[in-house]
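First comes the structure, then the notes that go with it.
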Amino acid sequence: MNAAASGLRITRLVLHEPPYGPDDEESKRGARELAENVRAALAEDRRADAIKLFLTVSGMPPEMVEGMSSDPKMHAVAPTMPYDFEVMGDISRGGTIPEDLVRAISVPTLVIAGGASPDFFLDTPPDRGGPAEREARGAGGSGPRRARRRGRTSGRGVLHHLILVNRPKTREDAMNAADRTERAERPADPKPRTSEGVRRGTGRDRDEWFALLDAWGAADRQYREIAAWLTGEHGVSKWWAQKLTVEYEQARGLRAPGVRPGGTFTVGASKTVAVPVERLFASFVDAKQRKRWLPGVALRKRASQPGRPARFDRDDATRIQVDFTAKGEAKSQAAVQHERLPDAQAAEEAKAYWRERLAALKALLES
């Protein structure tokens, strides 16, 4: 985008899922907090924690996050993550579209989305803009692709926002762009993923691996056993073994998206509060203080050492981990992870519950 906007000899742009975030306040705040938390972890040389934060928010399955966060190769490149946040404007703009840059792009630009694109990328209110804007569903500017936050926004979708910022100059341009996008977005195969990258990385395509796994009886085996077999018997890298295992389990109906190997779910929520980290920590580990904002919930402490995550057991057999990050002398963040939830409905309910309770905690401590 910067190259095209600067006037270099670029005649056309085609971009897939530009990784900008929604323009609602909650999403912008989340982008800033993620960037700040990753930077803080790297500044304290907690590279594994920084990698976990970055990959978890991108929607990667927990098992892959665990594996990659311990990979020395990932640790070697972890210090480059802040460059990604800088390029995308996560702190300066909350990760939203750089409208001035988009307006400076004058070459024909096609932005492509597909059936598996995140909701926030496509969501848009009906009848926004004039006829040209509504017909030009593929025009606009974009940036390099990367994993991005998932979630639904009440505001305009990223794709449509780009169109409104850098819309076609005439109705004919708009109709041509719409026609190109209609063809580009129409899936030629019900499985949008290709196996070209899998073959380059592993020597076989996805269907070949799935057939091998079926013949071996992978459908009746555990996640770790499958990944170990791919690595030990076929020389597949740890990263590819984890990825293929997750995709295989999902393809065979053995795993819902986001579910852990044992069949349980994990959700998270975080909140930044204008108090020192010591006070925020005490609000969780001190039972009397916790009761003020988390009434009726019995938690048994498993670990509560200052400077480390606090861990609790609940009576319903689920577990809670809370990570604390100092963001200055009088500002800190708590990130709650609720584990071992039995099903997707319980996970959604827990996510909403923790968001509401953390908001109550913030109001209590800042009052």
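The values are calculated or read from the model by the stated rules, or taken from the named source; none is laboratory data. Since we're looking at a predicted model, the values are computed, not measured. Reconstructed Cβ throughout: ideal geometry from the backbone, glycine too, with neighbour counts over all protein chains shown.
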Please state which one of Val38, Val65, Val107, Val14 is touching a Pro at 6+ places or on another chain (Cβ under 8 Å) and at pLDDT 80 or above. Val38
Output the number of residues of the stretch 272-325 satisfying the condition of being assigned to a helix (DSSP H, G or I) and farther than 20 Å from Glu44 by Cα. 12
Filter pass, Ile51 being of a type in the set (A, V, I, L, M, F, W, C) and not in a helix (DSSP H, G or I): no
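Rundown of residues vs (1) more than 30 Å from Tyr223 (Cβ to Cβ); (2) part of a loop (DSSP other than H, G, I, E, B), yes/no style:
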{"site": "Arg9", "(1), (2)": "yes, yes"}
{"site": "Tyr20", "(1), (2)": "yes, yes"}
{"site": "Glu33", "(1), (2)": "yes, no"}
{"site": "Val38", "(1), (2)": "no, no"}
{"site": "Met64", "(1), (2)": "no, no"}
{"site": "Val77", "(1), (2)": "no, no"}
{"site": "Met81", "(1), (2)": "no, no"}
{"site": "Glu86", "(1), (2)": "yes, no"}
{"site": "Ser92", "(1), (2)": "yes, yes"}
For the stretch 92-106, name all the residues that are crowded, with 19+ Cβ neighbours inside 10 Å and closer than 14 Å to Met1 by Cα. Ile97, Pro98, Val102, Ile105
Tabulated pairs, the stretch 35-58, first within 18 Å of Gly94 (Cβ to Cβ), second assigned to a loop (DSSP other than H, G, I, E, B) and among the β-branched types (Val, Ile, Thr), C-beta under 9 angstrom, 6+ apart or interchain: Ala35/Ile91; Glu36/Ile91; Arg39/Ile91
Among (1) over 30 Å from Tyr248 (Cα atoms); (2) surrounded by fewer than 15 Cβ atoms within 10 Å (Cβ to Cβ), where does Gly30 come up short? (2)
